[in-house]
Amino acid sequence: MNIKIAFLQILPGESLVENFLTGKNACIEAKKKGAEPILAPNACPMEINRLAALRTRAYENMAAIAACNYPEGHPDCNGRSALFDGVPWQAEGVRDMCVFEAPGTPGVYAAELDLDSLRTHRSRDIMGDKYRRPDKYDILSDENVCGVIGGEFVHW
């Protein structure tokens, strides 16, 4: 089975709002084109918290996430590229969504992604797109909306 993967390569815009809108529109366009896995290039230590964040994104979005990293030997990196398939349980029960984790050594590593299993899970579970309200997302890029970040009150 062929899978489609979208790559987003953009230069940063003039503002956070512009960057947010560009990213949001690119994700919408990638989905329209059939993209399913999310590729997350990385250049830092893959430690328990970063791996947990990727696992959580795969779980909540019912999507496969592949994170590539520089190997040990590159400054502040340690390999451990990983693939999370987004399927937290099957008929036999709870399972680990991490279907591949590379060692720290340099190399070319390959992992299989079972898209049929992911699509079946997505059709039966309650996460993912089922209860999302994309018609409400524009408020996130509204310059008048404020947020609390790092304990400070900031204007976007």
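The values are calculated or read from the model by the stated rules, or taken from the named source; none is laboratory data. Note that the coordinates shown come from a computational prediction; the quantities given were computed from them, not determined experimentally. For neighbour counting, all protein chains shown are included, and Cβ atoms are generated from backbone atoms with ideal geometry for every residue, glycine included.
Would you be able to say whether some residue in the stretch 125-132 is surrounded by 12 or more Cβ atoms within 10 Å (Cβ to Cβ) and at pLDDT below 65?
Looking through the stretch 125-132, none of the residues is surrounded by 12 or more Cβ atoms within 10 Å (Cβ to Cβ) and at pLDDT below 65.
Would you check which residues across the stretch 54-73 are crowded, with 18+ Cβ neighbours inside 10 Å and under 15 Å from Asn42 (Cα atoms) and list them?
Leu54, Arg55, Ile65, Ala66, Ala67, Asn69, Tyr70
Of the residues Ala53, Ala58, Ala66, which is under 21 Å from Val108 (Cβ atoms) and not basic (Lys, Arg)? If you could, list the steps in order and put the result at the bottom.
Working: Ala53 fails: under 21 Å from Val108 (Cβ atoms); Ala58 fails: under 21 Å from Val108 (Cβ atoms).
The conditions single out Ala66.
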